[in-house]
Amino acid sequence: MKYDPERLFLVSNDDGIFSPGIRNLAEVASQYGEVQIIAPDRQQSAVGHSITVMDPLRVARFEMSNSMVGHAVNGTPADCVKLAHDQLLDRQPTMILSGINHGSNAGINIIYSGTVSAATEGTVLGYPSIAVSCTDFQEDADLTGCREAVERIIEYVLKNGLPKGVTLNLNVPPGPLRGIRWTRQGDSRYVEQYQRRIDPHDRPYYWITGRFEVLDQGEDLDVNVLKQGLASVTPIQYDLTSYKVYEEVKNRQL
Ligand code: MN
C-alpha cells in the first residue's frame, strides 16, 4: 500500500515518548502517511484509562532519536489522545496507534493497560484505533515481527475500517513474525499479588508482584496463541455491558 499525504496517524503509548517502541511504531506508520507523535513525558504503564482532572497539562516539543519530532505531555495515555484530538492536531487523524508497548497486553492485562487505553480513547472519539504490544519486556527486544504485524493490521484497517466502538488489540512475540491469528481475550488473573517487606523505620510496606494465571485453555485465546509463538489480534470494546445477562434480567421485577 502506498504513502498518502492526506492520511494522518496519531501515535501515542504508555511507556513514554523516549521508549524504543513508540519510535518503531512511528517509523512503520510513516510509510503510509503523516505521523504526529503525542505521548506521555514519562513511564505511565498500568495507569489504565485514567485522566488528569485536578492539574493542568503541559506540552513540550521532543526530538526523537530517529529525527522525528514529537510532543511530550505531562499526563496519561488517555490525556494525550484527548488533548491531541481537541487541541494539538491540525486535522482529524485517519487512525490512532498506541505502542509498541514493552510487555504483553493480553488477557486481564488489557484492563490495566495504558497502551490499550490510549487506543480505546481513540475509539471513544470515533477514530479507528489499534493498540500494539511486544510480549518481551526488554527495551532492546527484537521488534521485527511487531513492525511487520503492524503493517498488516494498518493495511487491513485502511481497507476494511473498524466497526463503531471496536478497538484492535495486537500482541506480537519478539523476533520474526510467524503468523497472526484473530483471538478473543483470555480469562486470566494474577495470584500471590504482593510482597510484604519492612522499611528502615520498622513499618511494613507492600510491593506488587505476582504470577499470571490463565483460567481457560481455549485455542483461540490471545494468551494461548502467543504461547505458540504467533501474533494475536483481538477486537475489543469499551461497552462493558453483559448483553447475555441483560437479556436474562431485563424483564425481572425489582
Ligand atoms: Mn507500558
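The values are calculated or read from the model by the stated rules, or taken from the named source; none is laboratory data. The shown structure was predicted, so the numbers you read here are calculated from the model rather than taken from an experiment. We place every Cβ from the backbone using ideal geometry, glycine too, and count neighbours over all the protein chains shown.
Just a few scattered comments:
- Scanning the stretch 110-163 for residues being more than 17 Å from TYR32 (Cα to Cα) and aromatic (Phe, Trp, Tyr) gives a total of 2.
For every residue, the table says whether it meets (1) at pLDDT below 95; (2) hydrophobic (A, V, I, L, M, F, W, C); (3) surrounded by 24 or more Cβ atoms within 10 Å (Cβ to Cβ).
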| site | (1), (2), (3) |
| --- | --- |
| ARG7 | no, no, no |
| ASN13 | no, no, yes |
| GLY16 | no, no, no |
| VAL59 | no, yes, no |
| THR94 | no, no, no |
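- Only residues that are without any contact (Cβ under 8 Å) to a residue 60 or more places away in the chain and either part of a strand (DSSP E or B) or within 16 Å of the ligand (Cβ to nearest atom) (or both) were counted in the stretch 125-139, giving 7.
- Matching helices (runs of 4 or more DSSP H) fully within the stretch 140-254 where at least 1 residues are among the small types (Gly, Ala, Ser), buried (at least 17 other Cβ atoms within 10 Å of the Cβ) and in contact (Cβ under 8 Å) with a residue 24 or more places away in the chain: 144-160
- Residue in the stretch 21-37 that is farther than 26 Å from PRO235 by Cβ, charged (D, E, K, R) and exposed (fewer than 15 other Cβ atoms within 10 Å of the Cβ) present: no
- Tally, over the stretch 96-109, of residues that are buried (at least 23 other Cβ atoms within 10 Å of the Cβ), of a type in the set (A, V, I, L, M, F, W, C) and part of a loop (DSSP other than H, G, I, E, B): 1
- When TYR112 is tested against (1) surrounded by fewer than 24 Cβ atoms within 10 Å (Cβ to Cβ); (2) within 15 Å of GLN185 (Cβ to Cβ); (3) away from the ligand (no atom under 14 Å from the Cβ), only condition (3) is not met.
- Conditions (1) surrounded by fewer than 24 Cβ atoms within 10 Å (Cβ to Cβ); (2) closer than 20 Å to ILE51 by Cα; (3) not hydrophobic (A, V, I, L, M, F, W, C); number of the one not met by GLY70: (2)
- Taken together, GLY122, GLY165 contain a single residue that is under 16 Å from the mean Cα position of the chain (by Cα), more than 16 Å from the ligand (Cβ to nearest atom) and either of a type in the set (Ser, Thr, Tyr) or on the phi < 0 side of the Ramachandran plot (or both), which is GLY122.
- Qualifying residue in the stretch 70-91 (condition: closer than 15 Å to ALA26 by Cα, in contact with a Pro (Cβ under 7 Å, 6 or more places away or on another chain) and not aliphatic (A, V, I, L, M)): no
- Of residues in the stretch 28-84 being part of a helix (DSSP H, G or I) and either in contact (Cβ under 8 Å) with a residue 60 or more places away in the chain or within 16 Å of the ligand (Cβ to nearest atom) (or both), the one nearest to ASN101 (Cα to Cα): PRO77
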